[in-house]
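Trainee: Submitted below is the structure of interest, expressed as structure tokens.
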Amino acid sequence: MKKLPSRHEEAKESPGYLLWQVSNVWQRHIRAALKPFDLTHVQFVVLAVTTKLGEDHDAVNQADVARAAAIDKMMTSQVVRALVEKGLLERSPFPNDSRSFRLETTDRGLTLISKAIEAVEHADDLFFARLGEEQADFKQALGKLATPEVL
């Protein structure tokens, strides 16, 4: 049998493979936490980011949300439409730009995202508790990796 051309004897030695595995396990925990709220993970992120940006700015548009959430503009547009259909966001013409839409979290959306954030933070607490005192270093390392760079 041919051997794979890898410098790693086992897949678990690859940081990318480990990150992929951890990400999949964590995402399962988050999906379970969000299930009672009928939100996908990306819907949760878009609703939370829109709500937070709305606290800090008078007017928020989809491009602002896409940039802050680090999500593709097309994906953001699709998710926003779904959240509008669920009555969690309102979309109206943006002042001075007919091509852009102003986004606002509805009262229902604010109630839901407040509860969902508590559930997600609790899921995170349980998931990352295994790191113990290493959590701060882990968050710092993730922060370094989360900054997009051109390779």
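Trainee: So which residues in the stretch 78-100 are part of a helix (DSSP H, G or I) and touching a residue at least 40 places away in the same chain (Cβ under 8 Å)? Give the steps one after another, and end with the answer.
Mentor: Our first condition is that a residue be part of a helix (DSSP H, G or I); within the stretch 78-100, this holds for 78-85.
Matches in the stretch 78-100: Leu83 only.
Each row is one residue, and each column tells you yes or no for (1) on the phi < 0 side of the Ramachandran plot; (2) part of a helix (DSSP H, G or I); (3) in contact with a Phe, Trp or Tyr (Cβ under 9 Å, 6 or more places away or on another chain); (4) surrounded by 14 or more Cβ atoms within 10 Å (Cβ to Cβ).
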| site | (1), (2), (3), (4) |
| --- | --- |
| Arg102 | yes, no, yes, yes |
| Arg108 | yes, yes, no, no |
| Lys115 | yes, yes, yes, no |
| Glu118 | yes, yes, no, no |
| Leu126 | yes, yes, no, no |
| Leu131 | yes, yes, yes, no |
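Trainee: A follow-up question, please. Given the options Leu34, Leu19, name the one that is within 22 Å of Lys139 (Cβ to Cβ), within 18 Å of the chain's Cα centre (by Cα) and at pLDDT 95 or above.
Mentor: Details: Leu19 fails: at pLDDT 95 or above.
Of Leu34, Leu19, the one residue that is within 22 Å of Lys139 (Cβ to Cβ), within 18 Å of the chain's Cα centre (by Cα) and at pLDDT 95 or above is Leu34.
Trainee: May I ask you to verify whether Val65 is in contact with a strand residue (DSSP E or B) (Cβ under 9 Å, 6 or more places away or on another chain), surrounded by 19 or more Cβ atoms within 10 Å (Cβ to Cβ), of a type in the set (Val, Ile, Thr) and assigned to a helix (DSSP H, G or I)?
Mentor: Working: in contact with a strand residue (DSSP E or B) (Cβ under 9 Å, 6 or more places away or on another chain): yes; surrounded by 19 or more Cβ atoms within 10 Å (Cβ to Cβ): yes; of a type in the set (Val, Ile, Thr): yes; assigned to a helix (DSSP H, G or I): yes.
So Val65 passes the test.
Trainee: Does Glu121 qualify as being free of Cβ contacts under 8 Å to residues at least 12 places away in the same chain and of a type in the set (Asp, Glu)? Walk me through how you get there before you give the answer.
Mentor: Details: free of Cβ contacts under 8 Å to residues at least 12 places away in the same chain: yes; of a type in the set (Asp, Glu): yes.
For Glu121, the condition - free of Cβ contacts under 8 Å to residues at least 12 places away in the same chain and of a type in the set (Asp, Glu) - is met.
Trainee: On to the next question. Assuming Met75 fulfils every condition listed in (1) assigned to a helix (DSSP H, G or I); (2) more than 17 Å from the chain's Cα centre (by Cα); (3) free of Cβ contacts under 8 Å to residues at least 40 places away in the same chain apart from one, which condition is it?
Mentor: Met75 satisfies every listed condition except (2).
Trainee: Among Thr111, Thr106, which is farther than 21 Å from Ala33 by Cα, out of contact with any His (no Cβ under 9 Å at 6 or more places or on another chain) and hydroxyl-bearing (Ser, Thr, Tyr)? I'd like the intermediate steps shown before the answer.
Mentor: On the way: Thr111 fails: farther than 21 Å from Ala33 by Cα.
Answer to the check: Thr106.
Trainee: So, one more: Considering Leu39, Leu53, which residue is modelled with pLDDT of 90 or more, within 16 Å of the chain's Cα centre (by Cα), part of a helix (DSSP H, G or I) and surrounded by 13 or more Cβ atoms within 10 Å (Cβ to Cβ)? Quick ask: steps written out before the conclusion?
Mentor: Working: Leu39 fails: part of a helix (DSSP H, G or I).
Testing whether each residue is modelled with pLDDT of 90 or more, within 16 Å of the chain's Cα centre (by Cα), part of a helix (DSSP H, G or I) and surrounded by 13 or more Cβ atoms within 10 Å (Cβ to Cβ) leaves just Leu53.
Trainee: While we're here: I'd like the full set of residues that are touching a helix residue (DSSP H, G or I) at 6+ places or on another chain (Cβ under 8 Å) and charged (D, E, K, R), limited to the stretch 101-123. Steps first, please.
Mentor: First, pick out the residues of the stretch 101-123 that are touching a helix residue (DSSP H, G or I) at 6+ places or on another chain (Cβ under 8 Å): 101, 103-105, 109-110, 112-113, 115-117, 119-120, 122-123.
Of everything in the stretch 101-123, those that are touching a helix residue (DSSP H, G or I) at 6+ places or on another chain (Cβ under 8 Å) and charged (D, E, K, R) turn out to be Glu104, Lys115.
Trainee: Only residues in the stretch 22-34 that are over 17 Å from Ala119 (Cβ atoms) count as the first member; pair them with residues that are among the hydrophobic types (A, V, I, L, M, F, W, C) and in a helix (DSSP H, G or I), Cβ under 9 angstrom, at least 6 apart or cross-chain, and list the lot.
Mentor: These pairs meet every condition: Val25/Phe127.
Trainee: Next up: So, in the stretch 102-135, of the ones that are among the hydroxyl-bearing types (Ser, Thr, Tyr) and in contact with a strand residue (DSSP E or B) (Cβ under 7 Å, 6 or more places away or on another chain), which residue ends up farthest from His57 (Cα to Cα)?
Mentor: At the first step, the residues of the stretch 102-135 found to be among the hydroxyl-bearing types (Ser, Thr, Tyr) are 105-106, 111, 114.
Adding the requirement that they be in contact with a strand residue (DSSP E or B) (Cβ under 7 Å, 6 or more places away or on another chain) leaves 105-106.
Values: Thr105: 13, Thr106: 16 Å.
Filtering first and then ranking leaves Thr106.
The values are calculated or read from the model by the stated rules, or taken from the named source; none is laboratory data. Quantities reported herein were computed from a predicted structural model and do not represent experimental measurements. As a convention, Cβ positions derive from the backbone with ideal geometry for all residues, glycine included, and neighbour counts pool all protein chains shown.
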